[in-house]
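First up is the structure itself, then whatever we jot down about it.
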Amino acid sequence: MSRQDGLFIPPVAGRFWLLLALGMVILPHLTRQPLWFSVGCAAVLGWRIMRDLNGWALPRKWARVLITLLGISAVLSTYQTLLGRDPGVAMLTMMLCLKLVELRTMRDAMVVIFMGYFLVVAGFLYSQSMLTGIYMFAVVLALTTALITLNHPQATLGSSRRHLRTAGGLLLQSLPLMVVLFVLFPRIPTPLWGLPKDAFAGRTGLSEEMTLGNITELADSDEVAFRAVFDGALPAAGQLYWRGPIFWATDGRRWTHMRRLQMDRERAAEYTGFGDPVSYTVTLEPQNKGWVFALDLPGQLPEGLADVALTMDFQLLSTKPLHGVVRYGMTSYLNYATGALSRADREMALRLPEGPNPWSRVLAEGWLSDGLSGAELVERALQYFREEPFYYSRRPPPLGQDPVDQFLFESRRGFCEHYAAAFVYLMRAAGVPARVVTGYQGGELNPVGNYLVVRQSDAHAWAEVWLPERGWVRVDPTAVVPSDRIETPGDIQRFASTEPRQIHGTALAWLAQGWQKIGQTWDAIDNAWNQWVLGFDTGRQAELLRSLGLRGIDWQGMALLLVGTLAALFSAVALYLLAWRPRAADPVAAAYRLLCRKLAKAGLERGRAEGPQDFARRVASARPEAAEAVVRITGDYVRLRYGRERRTAEEVRRLRRAVARFRVS
């Protein structure tokens, strides 16, 4: 390291690795921040690179203070607070970048590196996927390499490979300790600390309410909602209705659920299941909601998931939001009949607001005047959707004050929410109790892992009507739209196929198959990551310990097991270090030791305190015939081992060849 103005200056190689690691650690965060923030951070990083290349002067203290205040003010004005995940990470990222404006000492470099380590941890607040883990491992490797390079006095860019190898070795040595802590650290019911509320962004295609007319373009999301592994054969696509939020109340446009009704645990959900139930295991992605999804109709509470209630309208609800990946076993009946309808439930299932959508009321009352039964009214409404020119469209026109009337008699274009809401409105107007059910429909079969992948784009809405002879019956009015009136080709298979759909490919068959196989394999790996890393909860931990012969161990026993395992691990490392004798890895030193061994066999042993040049002079005096070779080899050794000039690989090879050819009688 050089000295300038009484300060230690980090070496060029160290600054290179520091800037590289810094760029890697802030890159994912820049994609989540406003454009002005990303441009500002990139500009500071670029300025620092140009400053190191051209030797520009650092800004004065007043300028650095002004830039910092402007940055804090900008973050505060953007987020209106400095607390929480997004503003907190933005502030840390900005401070890390601004530290480059005054970076000139080893202390500054150390501060930047440890801030970088902390920002790596903050990155997992946004994503805990396997790709994120791999990328963050690369970031930690770069930061550790920068730490080693900065503390190596003779570090050059040419020696980066050696320092990178050293950093990799350190991280690999930490893996056993990491595995022991991950597997044996007790999973207690409550976390040790809290996280900001915005650390759990909701990632679901469903909503707390459903409003017609506000969404004029339906956007797809390939993000996974959950995966399901079935114990037996996979049900047909027409039976894959994953039950979620249920909406009872409406003002003619907006549909909401009845919290009092749903959370009334005193009223048991009554039903009778027919045939053999379907058993399966669900791995649910974080959603920041309390919704627990199951096939219609859930036959039990989830296994492995606590604090979940089955409401009287057959929805599974957790008492707290599900912030992490959860795994639970389920049993559902695909054929069932529900119990009687109470007077209060009937009133709620028939309630319509006065005023809105008058023509829809007239249409339904006309059907009712024909003396049709409840089942016949359902069929008449489905026939209306089937025979009239209704279209399934992801880009329906906006709706006005009477959205159901406009949809039924004017636009006749919409997606599942339009059809479900209009159907339930017609049924209630005709005197048939009805409600809107939302959730997911279908899924993609992954043959690599033999499980079903349900994505956010599979979010769906359908209806339920109550018929005296059967109870609540599922009706999907979207599914009756003829395939030639579905505007999006990909949706034809979704609503018309009797088998779960496969992951789609491209136009070229061989390329489609290859791409499909890659996607399925990667999703299977991602599913395993969810199962054994993100979903490694108390149940998974107990399952693993049972497989190792440890049964019935509580968390206090886990703590003792953890301490004992760590003690054994550290003892083994200590014994290894005591028994290990380091060997010089320097090829120049190894070549000189070989020369000394050859001379020792000839009776010329080097003394413990004898330097190389003194030893060479003694050998030359005792064996004049070997003097020239010994003096030349010793001179090359001293120059290559202790000289200031950088040695080349060819010079090292030349020294090793000279020692190998050396002979002394």
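The values are calculated or read from the model by the stated rules, or taken from the named source; none is laboratory data. Source: prediction; values computed, not measured. Note that we place each Cβ from the backbone using ideal geometry, even for glycine, and neighbour counts take in every protein chain shown. Ligands, DNA and RNA are stripped out before the accessible areas are found, and what is left, the full protein with its side chains, is counted by its heavy atoms. Shrake-Rupley method; radii C 1.70, N 1.55, O 1.52, S 1.80 Å.
Among the residues of the stretch 533-555, those that are open to solvent by 80 Å² or more (accessible area, probe 1.4 Å) and either without any contact (Cβ under 8 Å) to a residue 24 or more places away in the chain or among the aliphatic types (A, V, I, L, M) (or both) comprise R546, S547, L548, R551, G552, D554. With the structure loaded, tell me whether L305 is free of Cβ contacts under 8 Å to residues at least 40 places away in the same chain, among the hydrophobic types (A, V, I, L, M, F, W, C), in a loop (DSSP other than H, G, I, E, B) and crowded, with 20+ Cβ neighbours inside 10 Å or whether it fails that test. Yes, satisfied.
Being in a loop (DSSP other than H, G, I, E, B) and out of contact with any helix residue (DSSP H, G or I) (no Cβ under 8 Å at 6 or more places or on another chain) is true for just one of L58, L83. Which residue is that? If you could, list the steps in order and put the result at the bottom.
Working: L58 fails: out of contact with any helix residue (DSSP H, G or I) (no Cβ under 8 Å at 6 or more places or on another chain).
Exactly one of L58, L83 is in a loop (DSSP other than H, G, I, E, B) and out of contact with any helix residue (DSSP H, G or I) (no Cβ under 8 Å at 6 or more places or on another chain), namely L83.
Within the set Y637, Y642, the sole residue that is within 30 Å of A155 (Cβ to Cβ) and open to solvent by 80 Å² or more (accessible area, probe 1.4 Å) turns out to be Y642.
Yes/no per residue for (1) part of a strand (DSSP E or B); (2) small (G, A, S); (3) open to solvent by 40 Å² or more (accessible area, probe 1.4 Å):
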position	(1), (2), (3)
G273	yes, yes, no
D276	no, no, yes
T283	yes, no, no
N288	no, no, yes
D313	no, no, no
L317	yes, no, no
L322	no, no, no
R327	yes, no, yes
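Hey, does the stretch 89-100 have a residue that's at pLDDT 85 or above and within 20 Å of the chain's Cα centre (by Cα)? Checked against the condition, which is being at pLDDT 85 or above and within 20 Å of the chain's Cα centre (by Cα), the stretch 89-100 yields at least one hit.
When you scan the stretch 367-383, do you find a residue that is open to solvent by 50 Å² or more (accessible area, probe 1.4 Å), polar (S, T, N, Q), in a loop (DSSP other than H, G, I, E, B) and over 24 Å from D251 (Cβ atoms), even just one? Within the stretch 367-383, one or more residues are open to solvent by 50 Å² or more (accessible area, probe 1.4 Å), polar (S, T, N, Q), in a loop (DSSP other than H, G, I, E, B) and over 24 Å from D251 (Cβ atoms).
Screening A422, A459 for residues that are touching a helix residue (DSSP H, G or I) at 6+ places or on another chain (Cβ under 6 Å) and either in contact (Cβ under 8 Å) with a residue 60 or more places away in the chain or open to solvent by 20 Å² or more (accessible area, probe 1.4 Å) (or both) leaves exactly one candidate, A422. Of everything in the stretch 645-654, what is surrounded by fewer than 10 Cβ atoms within 10 Å (Cβ to Cβ) and assigned to a loop (DSSP other than H, G, I, E, B)? Give them in sequence order. Result: E645, single match.
How many residues does the stretch 385-419 hold that are of a type in the set (F, W, Y) and either free of Cβ contacts under 8 Å to residues at least 40 places away in the same chain or in a loop (DSSP other than H, G, I, E, B) (or both)? First the steps, then the outcome.
At the first step, the residues of the stretch 385-419 found to be of a type in the set (F, W, Y) are 385, 390-392, 407, 409, 415, 419.
With either free of Cβ contacts under 8 Å to residues at least 40 places away in the same chain or in a loop (DSSP other than H, G, I, E, B) (or both) added as a condition, the list becomes 390, 415.
Counting residues in the stretch 385-419 that are of a type in the set (F, W, Y) and either free of Cβ contacts under 8 Å to residues at least 40 places away in the same chain or in a loop (DSSP other than H, G, I, E, B) (or both) gives 2.
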